[in-house]
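Trainee: Sharing a structure below in structure tokens format, with a few things to ask.
The values are calculated or read from the model by the stated rules, or taken from the named source; none is laboratory data. Predicted model only: the values in this text are computed from it and were never measured. Heads up, the Cβs are rebuilt from the backbone with ideal geometry, glycines too, and the neighbour counts pull from every protein chain shown.
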Amino acid sequence: MRAAALPNEHPEVRARPFLKWAGGKSKLVPTILERFPKRFGRYHEPFIGGGAVFFALEPDRAIISDVNADLITTYRIIRDHVGDLIDALGEHEATEEHFYEVRAIQTAGLSPLEAAARTIFLNRTCFNGLYRVNRKGQFNVPFGRYVNPKICNVENLLAVPAGAGEARASVRQPGGAWRDRGVVELRHPVHSRPLPQVRHCHRAHASSHQQPRRPPRTGDRSVGLWRPGHPQLR
């Protein structure tokens, strides 16, 4: 039976980050959640990364975004086609030879599903789970020396869309301010300080001492997730 036909057989499993991510906030989640208001409307996270706070909070309505196109593609595929993604991940093996073969493939020539599987595979098998690209935008983190890395955590991947309810798309470009009443926005400290000569939110990944050497790629960089009963989010 194809994984696409499988329901979540572990409904008690709470979704957690499916990627290792530099700067992740898993250890800070209890402290961060203490600072949230008891009631709020829509939750926004402009730089989702691994999503530790998002998964721990389990908001009823949320918009998540990131400047990393590969990352957002992966979130969309998990939301919409998690079964097919599980099947695709099953075709990968944690060997050094296969790793470098997959790393050499450029996402421009892949379908969104294939690109998402590539992103997860490389993240789970590369050195320290880093995401790094060169000036040409090519992923260049070396192979990690793991004994038996878990490429596909089926229970957790199935819990991600289950935790978001019947999610539908609400695509927005990162940047600007959200004026919705009752909105809670989690802002990363590194992105909360004014950056010199940086005009748009999608350039906020630059350090405070230098400008990015190339303009970021354009395109949709956000994913809307919400539960049924909130039709105002489109």
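Trainee: Can you give me the number of residues within region 76-117 that are charged (D, E, K, R) and over 27 Å from VAL147 (Cα atoms)?
Mentor: The qualifying residues number 3.
Trainee: Which members of region 104-126 meet the condition of being hydrophobic (A, V, I, L, M, F, W, C) and either closer than 26 Å to GLY83 by Cβ or at pLDDT below 95 (or both)? Spell out the reasoning first.
Mentor: Start the filter on region 104-126 by keeping residues that are hydrophobic (A, V, I, L, M, F, W, C), which leaves 104-105, 108, 110, 113, 115-117, 120-122, 126.
Matches in region 104-126: ILE105, ALA108, LEU110, LEU113, ALA115, ALA116, ALA117, ILE120, PHE121, LEU122, CYS126.
Residue-wise test of (1) crowded, with 16+ Cβ neighbours inside 10 Å; (2) modelled with pLDDT of 85 or more.
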| site | (1), (2) |
| --- | --- |
| ASN8 | yes, no |
| GLU12 | no, no |
| LEU19 | yes, yes |
| LYS25 | yes, yes |
| LEU28 | no, yes |
| ILE32 | no, yes |
| PHE54 | yes, yes |
| SER65 | yes, yes |
| ARG76 | yes, yes |
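Trainee: Would you point out the residue of region 102-150, among those that are among the hydrophobic types (A, V, I, L, M, F, W, C) and over 18 Å from HIS92 (Cα atoms), that is surrounded by the most Cβ atoms within 10 Å (Cβ to Cβ)?
Mentor: Per the criteria, the residue is LEU130.
Trainee: Mind checking whether some residue in region 72-91 is closer than 25 Å to GLU155 by Cβ and part of a loop (DSSP other than H, G, I, E, B)?
Mentor: yes
Trainee: Let me ask something additional. If ALA94 meets every condition in (1) surrounded by 17 or more Cβ atoms within 10 Å (Cβ to Cβ); (2) assigned to a helix (DSSP H, G or I) apart from one, which number is that one?
Mentor: All conditions are met except number (2).
Trainee: Using the structure shown, decide if LEU122 is in contact with a helix residue (DSSP H, G or I) (Cβ under 7 Å, 6 or more places away or on another chain), under 19 Å from GLY49 (Cβ atoms) and free of Cβ contacts under 8 Å to residues at least 24 places away in the same chain.
Mentor: So LEU122 passes the test.
Trainee: Could I ask something else about it? Looking at (1) modelled with pLDDT of 95 or more; (2) farther than 16 Å from ALA69 by Cα; (3) in a helix (DSSP H, G or I), can you tell me which one VAL141 breaks?
Mentor: Here VAL141 meets the rest and fails (3).
Trainee: Can I ask one more? With respect to the numbered conditions (1) small (Gly, Ala, Ser); (2) in a loop (DSSP other than H, G, I, E, B); (3) within 17 Å of ASN140 (Cα to Cα), which one is the sole condition not fulfilled by ALA115?
Mentor: Against the list (1) small (Gly, Ala, Ser); (2) in a loop (DSSP other than H, G, I, E, B); (3) within 17 Å of ASN140 (Cα to Cα), ALA115 comes up short only on (2).
Trainee: Follow-up. Return yes or no: is ALA159 modelled with pLDDT under 95 and surrounded by 15 or more Cβ atoms within 10 Å (Cβ to Cβ)? Quick ask: steps written out before the conclusion?
Mentor: On the way: modelled with pLDDT under 95: yes; surrounded by 15 or more Cβ atoms within 10 Å (Cβ to Cβ): yes.
Spelling it out, ALA159 is indeed modelled with pLDDT under 95 and surrounded by 15 or more Cβ atoms within 10 Å (Cβ to Cβ).
Trainee: Of (1) of a type outside the set (Asp, Glu); (2) over 24 Å from VAL141 (Cα atoms); (3) out of contact with any helix residue (DSSP H, G or I) (no Cβ under 7 Å at 6 or more places or on another chain), ALA15 satisfies all except one. Which?
Mentor: Of the numbered conditions (1) of a type outside the set (Asp, Glu); (2) over 24 Å from VAL141 (Cα atoms); (3) out of contact with any helix residue (DSSP H, G or I) (no Cβ under 7 Å at 6 or more places or on another chain), the odd one out for ALA15 is (3).
Trainee: A further question on this structure: List every residue pair whose Cβ atoms sit under 7 Å apart, with the two residues 6 or more apart in sequence or on different chains, where the first one lies in region 26-38 and is under 13 Å from PHE55 (Cβ atoms) and the second, anywhere, is in a helix (DSSP H, G or I).
Mentor: These pairs meet every condition: SER26/ALA52; VAL29/ALA52; VAL29/VAL53; VAL29/ALA56; ILE32/VAL53; LEU33/ALA56; LEU33/LEU57.
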